Every structure is written in structure tokens, then in C-alpha cells.
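First up is the structure itself, then whatever we jot down about it.
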Amino acid sequence: MVKKTWREKVNEVEEKIHEITPEWEEKLGKGKILIPNALDIERLINETRKGELLTNDLIREKLAREKNVQVTAAIPTGVYLKYVALAAEEERLVKGDKVTPYWRVLKAEGAINIKFPGAAESQIERLESEGHEIERGKGKKPPTVISYKSKLKV
């Protein structure tokens, strides 16, 4: 059996929309929840320019608005975001620097996603090369982008 590439995994993820069940309504609200496809996540990242940033939550909000649903599921969004990052690194040998700039996606409070390929150091290098200032993490706290809110692509 041949192992699938990350690009193949990104391409095969299908979008799903479900009604929010009564037991989840208190937390999520009434309406529908989106399980996004990875290509939509990748498209939003590719729409950012050098110097612009996104967060996981901003991606979820944008997709919810686009698809006219109450909310986008957090866990699948994070999983597919990592698929996109791994596909980009897989394609770097062929595309060079023309890969999806996943390092522009931050976690809450401007934190760098240490689970992305190359861990924090690789992302710090790329973000600094795009003009961002980084505050090094202390202890288990990950590094963060200074003044990240002013650079969000909303």
C-alpha cells in the first residue's frame, strides 16, 4: 500500500455541515456547524500577503460567514491546518518559497503554533523575514508575535 502525500490528504478532505444538536446549543448556539475542507483553509492562508497574519479563530470565523453557518468546528480546523502546513513543506523542494505561507497563522494571543513543521524556530525565522517582531516564550509558553492584532487580515 502506497502512503498518501499530504497534498493528497489536503485534496480529499470534504466539507460537511451539520445541525448543532440540542446538547451543544448552549455552548455553540442554535444553527449549523461547519466541518471545513482543507482547501478552503489553504485558500484563506494564500490570500494573505507578506506582513499580514491570521489566527485559527479568524479562519474559523471567516469560513462560518462564507458558508452561512453559526460556527466552524475548532478541532478539525486545527487538524486540517496542520495538513496544509505539512503539504507546503512537502512541496517546498519543487516550489521553493512559493508554498502556502502557513507560518502566518497564529494561535490565540499571537502565539506561534509549535506543532507546525520546523517547530517554532523555523516559523520565527520566516515571520521575522516578513517584518514581524517576536517575543521569545518563557518556560512552556510559546513565542508570540508582538502587536499581532494590528497585522491581522480581517
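All of the numbers you see were taken from the coordinates with simple rules; none came from a lab. Everything quoted here is computed from the prediction, not taken from an experiment. Cβ coordinates were reconstructed from backbone atoms using ideal geometry, including for glycine residues, and neighbour counts include every protein chain displayed.
Among the helices (runs of 4 or more DSSP H) confined to the range 1-81, the ones with at least 1 residues that are crowded, with 19+ Cβ neighbours inside 10 Å and without any contact (Cβ under 8 Å) to a residue 40 or more places away in the chain are located at 38-46, 56-67. The residue of the range 128-149 that is surrounded by the fewest Cβ atoms within 10 Å (Cβ to Cβ), among those that are within 18 Å of the chain's Cα centre (by Cα) and closer than 23 Å to residue 61 by Cα, is 149. Tell me, yes or no, whether the range 91-110 has at least one residue that is among the polar types (S, T, N, Q), surrounded by 18 or more Cβ atoms within 10 Å (Cβ to Cβ) and outside any helix (DSSP H, G or I). Checking the range 91-110: at least one residue is among the polar types (S, T, N, Q), surrounded by 18 or more Cβ atoms within 10 Å (Cβ to Cβ) and outside any helix (DSSP H, G or I). Determine whether residue 44 is closer than 25 Å to residue 152 by Cβ and in contact with a Ser or Thr (Cβ under 9 Å, 6 or more places away or on another chain). Considered against the rule, which asks whether it is closer than 25 Å to residue 152 by Cβ and in contact with a Ser or Thr (Cβ under 9 Å, 6 or more places away or on another chain), residue 44 comes out as no.
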